[in-house]
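Here's the structure, in structure tokens; my notes come after.
Only the coordinates and a few stated rules stand behind these numbers; no lab work does. The structure displayed is predicted, hence computed values, not measured ones. Neighbour counts run over all protein chains shown; Cβ positions are idealised from the backbone, glycine included.
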Amino acid sequence: MITRRRLLSSVSLLAIPWLSSKSKTFSPRAFLSGSTSQIPANFPSQDPERVRRFVGVSHGNIAVVQDMLKESPALAKATVDWGFGDWETAIGAASHVGNREIAALLIDHGARPDLFTFAMLGQLEVVKAYIDLSPGIQRIRGPHGFTLMHHAKQGGKGSEAVVAYLEKVGDADIGPVSLRMTDEEKQRFVGIFTSDGEEAVRFEFSISQFSNIAIKRETYGISRDLNYIGNNEFAPIGADAVRVRFNAGLTECTIVDGPMKVALSRV
């Protein structure tokens, strides 16, 4: 069974690259007064790297959050897919780590609080209204697979009434399951796998610093920890419907993500 500590540790990987106030940021001023060749290809959409950084710092670096909001208030509504559809908003980041100060700041700038935010903030009547209107909604998990109960507990003393209510309702703390593996078993999955064709895509499977099997596309994104389902099959954290399947000899791997099916072979 995956533990709260393991889930928290996997999410800390997301925040690290963006927590430093010294990190390089994208500034609109760099191209508004320059040549058109400096304009990002996705403009006027928000710069993806900047969005990822903002959601990252929203886990805990309020100084950088404040600076970035001064330049672009719309970032308060920022949302990022960390991989395989594990979507996270800036306020969702603040909510699952219990950062009330950042959550309040984001709301002041137009962020859209949800059930998980209200649970963390201790808004008992709002949480009750959600569950009364949609019985069973307490089973839905937030970013990275964090449960509604997890969010309530992260709120500390101010959310104790919500925790007590959710305990009475039940089914609010059903997290993802990851079967145990020995270190020797994990090592068997480690390696580089690549697709066929001229434009081959390479994926690296490794052991994360938190002792999980992790997957990363070599030229894009970040490493994603995997939950072990059994029979050489995994699901990425925060993406229960995605499957990463190895053959019996662990020489081939298939990633199935909705309509996407990527066949890989060990290098």
Long-range amide H contacts for Asn227: which residues qualify at under 5 Å (H placed 1.01 Å from N, peptide plane, sequence gap of 5 or more or a different chain)?
Ala235, Ile237
Before anything else, pin down the relative contact order of the chain: Cα pairs under 8 Å, at least 6 apart, normalised by residue count, whole percent.
14 percent
For the range 173-267, which GluC sites (Glu not before Pro) are both in a DSSP coil and crowded by at most 12 other Cβ atoms within 10 Å?
Glu198, Glu199, Glu218
For the chain, set up a Gaussian network in which alpha carbons nearer than 10 Å are linked by springs, and say which option among Ala94, Ala103, Ala111 fluctuates the most.
Ala111
Using a 10 angstrom cutoff on alpha carbons, build the Gaussian network for the chain and name the most mobile of Ala74, Ala90, Ala41.
Ala41
Listing Leu264, Leu124, Leu106, Leu250 from the residue with the fewest other Cβ atoms within 10 Å to the one with the most, what is the order?
Leu250, Leu124, Leu264, Leu106
For P(r) over Cα pairs in 10 Å bins from 0, in percent, with candidates (i) 7, 25, 34, 20, 9, 4, 2, 1, 0; (ii) 7, 27, 30, 24, 11, 2, 0; (iii) 7, 32, 40, 19, 1, the value calculated from the shown model is option (ii)
Identify which of His96, His150, His109 has the largest mean-square fluctuation in a Gaussian network model of the chain, with springs joining Cα atoms closer than 10 Å.
His109
Number of Lys pairs in the chain closer than 20 Å at Cα, excluding neighbours under 8 places apart unless interchain, is 9
Would you pull out the residues with amide H under 5 Å of His59's amide H, same chain only if 5 or more places away, H placed 1.01 Å from N?
none
Mind running the shape call on the range 183-266? Use the C-alpha gyration tensor, a ≥ b ≥ c as the square roots of the eigenvalues: rounded below 1.5 for a/c, prolate if a/b tops b/c, oblate otherwise.
rounded
